[in-house]
Amino acid sequence: MPDENLPTPTGPDTDRPTPQTPARIGNVHHPVGDVGAAVAFYTDAFGLSALFTDGDRYAALDGGGTKLALAGPAEDLTGGVAAASFKVGDVAAALEAVTSAGGSVVREPEAGPHETRAVATDPWGNVVIVYGPR
């Protein structure tokens with residue numbers, strides 16, 4: 001039985017968050033100096049499989065329920081810091097919620113190759129990425 005207190009996703013793509021649905025961790029952003037070498041390392045060392053590769057910019061690996069996002073220098077949003085990436089329906093609204101809750105915006109929203117993304121910190125200084133549809 002569904003929880004009546006939780007919003008119900010609607011529309012044809014229920015995996016895509018809307019401004020009314022809660023955020024979810026879409027991936028763990030992991031900056032690397034060489035995407036190809038990092039893909040080889042994580043597949044050889046841990047048996048992860050590549051889900052998506054964008055040349056030397058980015059690769060997403062299947063971490064068994066959470067994606068490991070290998071970000072090359074061109075896609076490193078955090079200056080070398082690993083960070084949870086929250087997928088939201090509205091990046092601007094999510095950043096307002098972050099600041100209202102005591103966090104800070106570190107990098108304003110920008111258009112990335114595949115999404116709109118921004119960087120924030122929680123009240124304790126932990127870096128998070130907030131991303132969503134353009």
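Annotations
- E115 being of a type outside the set (G, A, S) and surrounded by fewer than 14 Cβ atoms within 10 Å (Cβ to Cβ): no
- The set of residues in segment 14-65 that are more than 18 Å from the chain's Cα centre (by Cα), modelled with pLDDT under 95 and hydrophobic (A, V, I, L, M, F, W, C) comprises A45, F46.
- Residue check for S85: modelled with pLDDT of 95 or more, touching a His at 6+ places or on another chain (Cβ under 8 Å), polar (S, T, N, Q) and under 16 Å from G125 (Cα atoms): yes
- Test: residue in segment 56-65 that is touching a residue at least 12 places away in the same chain (Cβ under 8 Å), charged (D, E, K, R), under 22 Å from Y42 (Cβ atoms) and touching an Asp or Glu at 6+ places or on another chain (Cβ under 8 Å): yes
- Inclusion of A74 among residues that are surrounded by fewer than 15 Cβ atoms within 10 Å (Cβ to Cβ), of a type in the set (A, V, I, L, M) and either under 19 Å from G33 (Cβ atoms) or modelled with pLDDT under 95 (or both) is warranted.
- Per the listing A120, A94, the residue uniquely surrounded by 17 or more Cβ atoms within 10 Å (Cβ to Cβ) and not in a strand (DSSP E or B) is A94.
- Neighbours by Cβ (under 6 Å, 6+ apart or cross-chain): first from segment 67-88, on the phi > 0 side of the Ramachandran plot; second part of a strand (DSSP E or B) and surrounded by 18 or more Cβ atoms within 10 Å (Cβ to Cβ): G80/P31
- Take the conditions (1) closer than 23 Å to T21 by Cα; (2) in contact with a Phe, Trp or Tyr (Cβ under 9 Å, 6 or more places away or on another chain); (3) among the acidic types (D, E); E75 misses just one of them, which is (1).
- The C-beta contact set for segment 117-128 (first residue under 9 Å from G102 (Cα atoms), second residue among the β-branched types (V, I, T) and outside any strand (DSSP E or B), distance under 8 angstrom, 6+ apart or interchain) comprises D122/V98.
- Residues that are assigned to a strand (DSSP E or B) and among the charged types (D, E, K, R), drawn from segment 44-90: D54, D62, K67, K87
The values are calculated or read from the model by the stated rules, or taken from the named source; none is laboratory data. Note that the structure is a prediction, hence the values are computed from the model and not measured. Positions of Cβ are generated from backbone atoms using ideal geometry, with glycine treated the same way; all protein chains shown enter the neighbour counts.
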